[in-house]
Amino acid sequence: MVKFYDPKDAADLARVEAILREAGIEYFLASETEAGIGPRQIRVAEEDLPTAEELLRRAG
């Protein structure tokens with residue numbers, strides 16, 4: 001899994017999650033720290049990264 005997106009807030013996270021779910025792209029949320037504290041990042045499989053980036057670009 002590779003880093004795909006750093007959401008700005010909860011609404012941004014929900015928006016990007018919805019885009020990925022609708023396209024059937026599996027993802028998971030990771031924290032920047034080992035302790036699980038701090039901002040979350042959205043990670044996707046490396047092979048899904050180009051598609052995920054294109055979907056996000058189209059969504060604006």
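The values are calculated or read from the model by the stated rules, or taken from the named source; none is laboratory data. Fair warning: this is a prediction, and the values are worked out from it, not measured in the lab. Cβ atoms come from the backbone with ideal geometry, glycine included; neighbour counts cover every protein chain shown.
Just a few scattered comments:
- Subset of the stretch 8-34 (residues that are part of a loop (DSSP other than H, G, I, E, B) and at pLDDT below 95): Lys8, Asp9, Glu32, Thr33, Glu34
- A Cβ distance below 6 Å, combined with a sequence gap of six or more or placement on separate chains, defines the contacts here; from the stretch 1-25, residues that are more than 12 Å from Ile42 (Cβ to Cβ) reach residues that are surrounded by 11 or more Cβ atoms within 10 Å (Cβ to Cβ) and modelled with pLDDT of 95 or more in the pairs Ala23/Leu55.
- Cβ-Cβ contacts under 9 Å between residues 6 or more apart (or on different chains), taken from a first residue in the stretch 29-49 that is of a type in the set (Val, Ile, Thr) to a second residue that is in a loop (DSSP other than H, G, I, E, B) and at pLDDT below 85, are absent.
- The set of residues in the stretch 35-47 that are farther than 18 Å from Pro7 by Cα and modelled with pLDDT of 95 or more comprises Glu46, Glu47.
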